[in-house]
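The next block holds one structure in the form of structure tokens; read it before the comments.
The values are calculated or read from the model by the stated rules, or taken from the named source; none is laboratory data. Please read all numbers here as calculations on a predicted model, not as lab measurements. Ideal geometry is used to build each Cβ from the backbone, glycine not excepted, and the neighbour counts take in all protein chains shown.
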Amino acid sequence: MSGRTRAFARGPAAWRRAGALVLLLPICASVRDALAQCPDGTPPPCARPARVAAPPPNSVAVMYFENLSRDTSDAYLADGLTDEIILRLQQVRRLEVKSRFESQRVRGRQGATPAALGRELTARYLVDGTIQREGERLVVRVELTRADRGVGVWSGRFDRRGASVLDVIDDVARAVATGVAGELLPAEAADLARRPTADPLAYEHYVRGNVYLAQRTPAALARAADEYEAAFARDPGLKVAVSRVAYVWALGLTYGVGDLPADTVHVRATDAVERAMRLAPDVADTWMAVGFRQFMRTRIGLGDFLEEAVAALDRATALNPGSAEAHHQHGQGLVVAGRDSAALAEYRRALALEPGRAVTYQEIAFVFLLEGRNADAAAWCDSALAADPRFVRAYLVRGRARLLQGDLAGAERDAGDAVALARGGDAVAALGLQAILSAARGDTAGARRLLPQRKFGFLGPEARAAIGEPDRGLDEIESYPSPALRCYLLRFPGNAALRGRPRFDRLAAGCPTPGGAP
């Protein structure tokens, strides 16, 4: 039994004692500041509400289960099991289930009392548990607690052989739903029992793949592809697995996959997307993969596929209106196409489905940055960093917003934290922001030392303009064959310094006014 689970069983006093055991990891200064954000995502001082709203009576938050297995890879199974229980419970409309992002925000707070967690999450009930496997035996312990009272409502021990994760998820979801909502309606029971596959090992590979996919690192994406392939090999009827293989490789065009060179990732992304189109054309993830790949082909200058990308992402949301990821990706495509209002609507749909998505807060902030609403951009980044204090891209956007507000010191803190935390493409973007800030301080020579022959992607033209190389910046913008993408780049705030130059004005003349409905 985990420390947090034992504390549930013994009551609030045990939670206070458990707090003495929490180890604090060293983090950079602005990350510590972000941890102190107000509940609404704004920086202190926090506005004191006149009255704290009581959690809805059927609200429940599932805490991330603790892995007690000797095999550390089972930690990914524990995370995947937690995510799947959340998704399964969300099928019961009488329940208000907190999103996985909200649960992640309070992860690791063993010293918090159930009442404190319930208040922070606005949840009346908390679910907590552990998972342990030895050989063919899988043991899951689960407790349902009334948060405001700190008392147990129900607890269960599920001992299975044959690694039947499916059975455990079914049993836990049914027990929790019944404990919170009472006797289930026939339709609710049917929704809870719906399985994507009857093969427990295929399902285990699938849930592990989901956990790796969410990490968005080259190593994790490589593992995700392997897990989804294993799931599909065991059950060819699990079409979502082959769709997610394609989505992994499409995302790899931005994040990388393992140690593979970019050309290899591009070839494999093409093959994976074409396979998913043959085998799973009716799955939303297939169209997310198509859309993301077409967008990336446009971004790296292979042609103008932007409208195809937006149409594919629109189809993904139509196939699965309950997918926050699909709405989020659709929003990103719409922003590049200059349809800001439609993009913001998609982002808000994603947040309605999965509150607490740091990446969606950050993308909303970026829309406001493009529109010159710098204070709004900074505030939405505050919310992103309240949800995930290590989210690099929120530091990058907030740093640019702060610079435009005249807060050079704040922008430099954000850039420093971004450099300290970033990996891969984000690390390159963090150096680009540092170059822009060096130029803003008057240290053009220092900015040039950061830039030499580096390619900064969409940030490149701004960086070139900042160090006095406007023609090179305009060369980069003109190199894109997509007119919509060129118009998108012209909107970046640092490129305002290029306005008035004949080449800039000629490019901007054909750009529509951003906003637009879909």
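Descriptive notes on the structure:
- Failed condition for Ala342, given (1) in contact with a Lys or Arg (Cβ under 9 Å, 6 or more places away or on another chain); (2) modelled with pLDDT of 95 or more: (1)
- Of all the numbered requirements in (1) of a type in the set (Gly, Ala, Ser); (2) over 20 Å from Asn495 (Cα atoms); (3) surrounded by fewer than 24 Cβ atoms within 10 Å (Cβ to Cβ), Ala429 misses one, and that requirement is (2).
- Just one of the numbered conditions (1) under 20 Å from Arg146 (Cα atoms); (2) small (Gly, Ala, Ser); (3) surrounded by fewer than 21 Cβ atoms within 10 Å (Cβ to Cβ) is not true of Ala75: (1).
- Enumeration of residues in the range 248-294 that are of a type in the set (Ser, Thr, Tyr) and either more than 20 Å from the chain's Cα centre (by Cα) or closer than 19 Å to Leu334 by Cβ (or both): Thr254, Thr264, Thr270
- Considering (1) more than 29 Å from Ser103 (Cα to Cα); (2) without any contact (Cβ under 8 Å) to a residue 60 or more places away in the chain, the lone condition that Ser341 does not fulfil carries the number (2).
- Number of the condition not met by Gly468 [criteria: (1) at negative phi; (2) of a type outside the set (A, V, I, L, M); (3) free of Cβ contacts under 8 Å to residues at least 60 places away in the same chain; (4) in contact with a helix residue (DSSP H, G or I) (Cβ under 7 Å, 6 or more places away or on another chain)]: (1)
- Filtered residues of the range 402-415 (kept if surrounded by 16 or more Cβ atoms within 10 Å (Cβ to Cβ), over 19 Å from Gly460 (Cα atoms) and of a type in the set (Gly, Ala, Ser)): Gly410
- The condition (being out of contact with any Leu (no Cβ under 8 Å at 6 or more places or on another chain), over 30 Å from Phe101 (Cβ atoms) and surrounded by 19 or more Cβ atoms within 10 Å (Cβ to Cβ)) is satisfied by just one residue among Ala384, Ala379, Ala439: Ala439.
- Among residues of the range 369-400, those that are small (Gly, Ala, Ser) and in a loop (DSSP other than H, G, I, E, B), counted: 1
Table: residues versus (1) among the small types (Gly, Ala, Ser); (2) within 18 Å of Phe492 (Cβ to Cβ); (3) surrounded by 24 or more Cβ atoms within 10 Å (Cβ to Cβ).
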| site | (1), (2), (3) |
| --- | --- |
| Asn320 | no, no, no |
| Ala324 | yes, no, no |
| Tyr361 | no, no, yes |
| Glu371 | no, yes, no |
| Asp388 | no, no, no |
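- Qualifying residue in the range 329-344 (condition: crowded, with 21+ Cβ neighbours inside 10 Å and β-branched (Val, Ile, Thr)): yes
- Top-ranked residue in the range 134-156 [being among the small types (Gly, Ala, Ser) and part of a loop (DSSP other than H, G, I, E, B); ranked as surrounded by the most Cβ atoms within 10 Å (Cβ to Cβ)]: Ala147
- Filter result (farther than 14 Å from Ala447 by Cβ and either in contact (Cβ under 8 Å) with a residue 60 or more places away in the chain or of a type in the set (Asp, Glu) (or both)) within the range 403-422: Leu404, Asp407, Arg413, Asp414, Gly416, Asp417, Ala420, Leu421
- Residue in the range 118-126 that is under 15 Å from Leu81 (Cα atoms) and either touching a residue at least 40 places away in the same chain (Cβ under 8 Å) or in contact with a helix residue (DSSP H, G or I) (Cβ under 8 Å, 6 or more places away or on another chain) (or both) present: no
- Residue match in the range 200-210 (condition: within 28 Å of the chain's Cα centre (by Cα) and more than 29 Å from Val257 (Cβ to Cβ)): no
- Residue count for the range 300-323, restricted to those that are touching a residue at least 40 places away in the same chain (Cβ under 8 Å) and touching a helix residue (DSSP H, G or I) at 6+ places or on another chain (Cβ under 7 Å): 5
- The range 155-210, residues that are of a type in the set (Lys, Arg) and at pLDDT below 85: Arg160, Arg161, Arg194, Arg195
- Applying a threshold of 6 Å to beta carbon distances and a minimum spacing of six or more residues, or different chains, the list of pairs starting in the range 212-227 at a residue that is of a type in the set (A, V, I, L, M) and assigned to a helix (DSSP H, G or I) and ending at one that is modelled with pLDDT of 90 or more and surrounded by fewer than 20 Cβ atoms within 10 Å (Cβ to Cβ) reads Ala222/Gly258.
- Sole exception among (1) in contact with an Asp or Glu (Cβ under 9 Å, 6 or more places away or on another chain); (2) basic (Lys, Arg); (3) without any contact (Cβ under 8 Å) to a residue 24 or more places away in the chain for Arg393, by number: (3)
- Helices (runs of 4 or more DSSP H) contained in the range 447-518 and holding at least 3 residues surrounded by 18 or more Cβ atoms within 10 Å (Cβ to Cβ) and either modelled with pLDDT of 80 or more or not hydrophobic (A, V, I, L, M, F, W, C) (or both): 460-466, 470-478, 483-490
- Some residue of the range 356-368 being touching a Phe, Trp or Tyr at 6+ places or on another chain (Cβ under 8 Å) and outside any helix (DSSP H, G or I): yes
- Identity of the residue in the range 331-389, farther than 21 Å from Glu462 by Cα and among the β-branched types (Val, Ile, Thr), that ends up farthest from the chain's Cα centre (by Cα): Thr360
- The residue that is surrounded by the most Cβ atoms within 10 Å (Cβ to Cβ), among those in the range 101-133 that are among the acidic types (Asp, Glu) and part of a helix (DSSP H, G or I), is Glu102.
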